[in-house]
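This report concerns only the one structure given below.
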Number of protein chains: 4
Amino acid sequence: MAACLRFTQRVWKSFIDNKGHDARCFPNLNISHARPGIVMASLQIEPYNVNRVGTVHGGLITSLTDTLGSLAVATHGQYMTGVSTDISTTFVKPAGKPGDVLHMTARLEGIGKSLAYTRVDFTNSEGVILAYGTHTKYVGKSVGHKHDLKFSLDGETVVGGKEVTERE
Amino acid sequence: MAACLRFTQRVWKSFIDNKGHDARCFPNLNISHARPGIVMASLQIEPYNVNRVGTVHGGLITSLTDTLGSLAVATHGQYMTGVSTDISTTFVKPAGKPGDVLHMTARLEGIGKSLAYTRVDFTNSEGVILAYGTHTKYVGKSVGHKHDLKFSLDGETVVGGKEVTERE
Amino acid sequence: MAACLRFTQRVWKSFIDNKGHDARCFPNLNISHARPGIVMASLQIEPYNVNRVGTVHGGLITSLTDTLGSLAVATHGQYMTGVSTDISTTFVKPAGKPGDVLHMTARLEGIGKSLAYTRVDFTNSEGVILAYGTHTKYVGKSVGHKHDLKFSLDGETVVGGKEVTERE
Amino acid sequence: MAACLRFTQRVWKSFIDNKGHDARCFPNLNISHARPGIVMASLQIEPYNVNRVGTVHGGLITSLTDTLGSLAVATHGQYMTGVSTDISTTFVKPAGKPGDVLHMTARLEGIGKSLAYTRVDFTNSEGVILAYGTHTKYVGKSVGHKHDLKFSLDGETVVGGKEVTERE
């Protein structure tokens, strides 16, 4: 597995370890690809993800916009991913019902010493766009964690920092 | 209890009856006031509402922006509250940790035959603003449900439609 | 010139004919490509486009998000492009100074009987992303103008409606 | 005139002195009230402020959301007002036509060492809400200008810094 994907999955694991909102809403999020600047994931919709008319709740999409944007920052090798300033989500079509699979691609559009800019696209299994979001984060205090890494451009290898092994 | 509050609580109950995202994230939402155009609620933060650093997850705030905006539409007497087009949330301060109480005020800023415009403010128990959101909905197919009511301006009484009693 | 580009330029011309905000802010907008669902344009930054520190004013970018989103609706063959419900813009980097050229790509992400969803990306001449925006429109009363056309998928030819010639 | 209003008007004057976007779009903006955290202004709509159907262009509203949010930062005594990260505007009703007066109230909802959060409400002369916006700014490099002041809570007097007189 590519180093960047391994790292992003580790960050995701740290998101759900304390049984908070991520674990509550989408514990089975499947992160399939990650290289610096981009992460792809999918989620099979569960009955607890819907609104009263039985389709995906907007709050699931906005929550995923939050979390996927953070994981896009993680692909940059940052273990800590900052705090949100603005999250905006637009809903193009109903986003599915239990059993359907929701696909997400999150991109890190820019990152500096203070701010990180991310966008997330949501599609169904046919590739039709369902929703999209933007998530801007303040990362001024997030750089320099001992777990931070630097990846090759293709995300395959670690070129800076020391990778934590699974057993640590 | 005022008719508008009773109705808004009924709509909220319909949100959580099918054990979806609302019931998953904030089953204990307490709707304390409602009159046409405004609804106030509070939520005691639970351990499952947080992010990995132990404070309220942004996704909880965005989900509440979604749901409270819908309830603001409900205060207008609409049992069905439309579909979201855009939800945007801005995070001013960390929004608390388990045990803290989050306070929300949602306003219906405008409603026509097709669109409803809502805003939600989040404050802590001292009244300090923590976050705010906007939630625009398409309501073109939402009017005319058999449960729809019309309230007096102060929300105290039903002036149109037939109220469903608790036992129905 | 492709039919869709010709039509989109005609719609743009109608935007500036009454000497309003578009003509005031970016009369020289150059629409270079258009096919159903996508429009590309560029603008050479003028001294009247900047803020007090001499770089592109955020209001220019938000105004272009508005106008380009509308032109993305026009690529669908709609002469009238609806009314805005929500416009959101994120600023990744300073967007240039007088003499620089700003490049835009606007996409129509979805359109139905009531709503149209558009996004706009802003890049510099090196292709670096500077900003991006979303623009959601209500188009429920916009369909059916006598100038409406239907284009082939590639935008090359008119397959429905009657094209107005330049002299009309 | 209150010190805070005098200062905010001075900042506004610096916005239009270089004949950029502000001077182009709303040179006659009238800033009527300012105290720390809030600024009120009005604008008589001109023919160059409209869209092709003769009503206020969305880009005017988004541009004012940008500029008024910056002026809300200025009410805090900051001469430099930072750079925008996210601007979002929601359009509730048509915002008027030439001759009408647009009223704006901008609030500084929070400000720290790095970020400033502002909101702007737009109303007509009858107080009906027409639009509202949010504008988040990065102000990490904006503090410490020689013109910075500190005002009394009511904005009436300068309690820190040295006020520049009109003739300087």
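The values are calculated or read from the model by the stated rules, or taken from the named source; none is laboratory data. Quick caveat: nothing in here was measured; it's all calculated off a predicted structure. Positions of Cβ are generated from backbone atoms using ideal geometry, with glycine treated the same way; all protein chains shown enter the neighbour counts. Heads up: the accessible areas ignore ligands, DNA and RNA and are worked out on the full protein's heavy atoms, side chains in. Shrake-Rupley method; radii C 1.70, N 1.55, O 1.52, S 1.80 Å.
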Taking a ≥ b ≥ c as the square roots of the eigenvalues of the Cα gyration tensor, with a/c under 1.5 meaning rounded and otherwise prolate when a/b exceeds b/c and oblate if not, the range D:1-126 is prolate
Along Cα→Cβ, 7 Å out, is where each label goes; now give me the distance between the ones at C:Arg6 and A:Glu163 in nm to one decimal. 5.8 nm
What does the C-alpha gyration tensor say about the overall shape of the protein assembly as shown? Classify as rounded when a/c is under 1.5, otherwise prolate if a/b is larger than b/c, or oblate. rounded
Would you mind working out the magnitude of the charge dipole of the protein assembly as shown relative to its Cα centre, with +1 at each Lys and Arg C-beta and -1 at each Asp and Glu C-beta, to the nearest 20 Debye? 0 debye
Restricting to Cα pairs under 8 Å and 6 or more apart, the percent relative contact order of chain A works out to 25 percent
Averaged per residue, what accessible surface does the protein assembly as shown expose to a 1.4 Å probe, in Å²? 40 Å²
Once all protein chains are kept in place, A:Thr165 shows an accessible area at probe 1.4 Å, nearest 10 Å², of 80 Å²
If amide H atoms are modeled at 1.01 Å from N in the peptide plane, then the residues at a separation of 5 or more from A:Gly20, or on another chain, having amide H under 5 Å from its own are none
Kirkwood hydrodynamic radius, the range B:82-168, all distinct C-alpha pairs: what's the number in Å? 15.5 Å
For the range D:4-86, with the dipole built from +1 on Lys and Arg beta-carbon atoms and -1 on Asp and Glu ones, taken about the Cα centre, which of D:Asn49, D:Pro36, D:Gly20 lies farthest toward the positive end? D:Pro36
Assigning unit charges at the beta carbon (Lys, Arg +1; Asp, Glu -1) and nothing else, what dipole magnitude in debye, to the nearest 20, does chain C show about its Cα centre? 320 debye
Show the residues, 5+ positions off or on another chain, whose built amide H is closer than 5 Å to the amide H of B:Ile38. B:Leu108
May I ask for the distance between the Cα centers of the range D:91-117 and the range A:75-106, given as a whole number of Å? 29 Å
Roughly how many percent of the accessible protein surface of the protein assembly as shown is carbon and sulfur, given a 1.4 Å probe and a whole-percent answer? 52 percent
For the range C:96-143, place one equal point scatterer on every Cα, skip the solvent, and apply the Debye formula. What is log10 of I(q)/I(0) at q = 0.14 Å⁻¹? -0.45
Report ³J(HN,Hα) in whole Hz for each residue of the range B:95-110, in order, from the Karplus equation J = 6.51 cos²θ - 1.76 cosθ + 1.60 where θ = phi - 60°; Gly and Pro get x. 9, x, 10, x, x, 5, 10, 9, 10, 10, 10, 10, 10, 8, 7, x
Near the amide H of A:Asp148, under 5 Å away, which other amide H atoms are found, from residues 5 or more places off or on another chain, if H is placed in the peptide plane? A:Tyr79
Apply the Karplus curve 6.51 cos²θ - 1.76 cosθ + 1.60, θ = phi - 60°, to the phi angles in the range A:45-61 and return the couplings in whole Hz, x for Gly and Pro. 5, 10, x, 7, 9, 9, 9, 6, 9, x, 10, 3, 5, x, x, 5, 5
Derived scalar couplings ³J(HN,Hα) [the range B:121-128; Karplus, 6.51 cos²θ - 1.76 cosθ + 1.60; whole Hz; x for Gly, Pro]: 10, 10, 10, 8, 5, 8, x, 6
Any chance you could check the Cα centroid distance between the range A:48-68 and the range D:28-49 for me, in angstrom? 39 Å
Two pseudo-spin positions, 7 Å from Cα along C-beta at C:Val53 and at D:Asp17, lie apart in nanometres by 1.6 nm
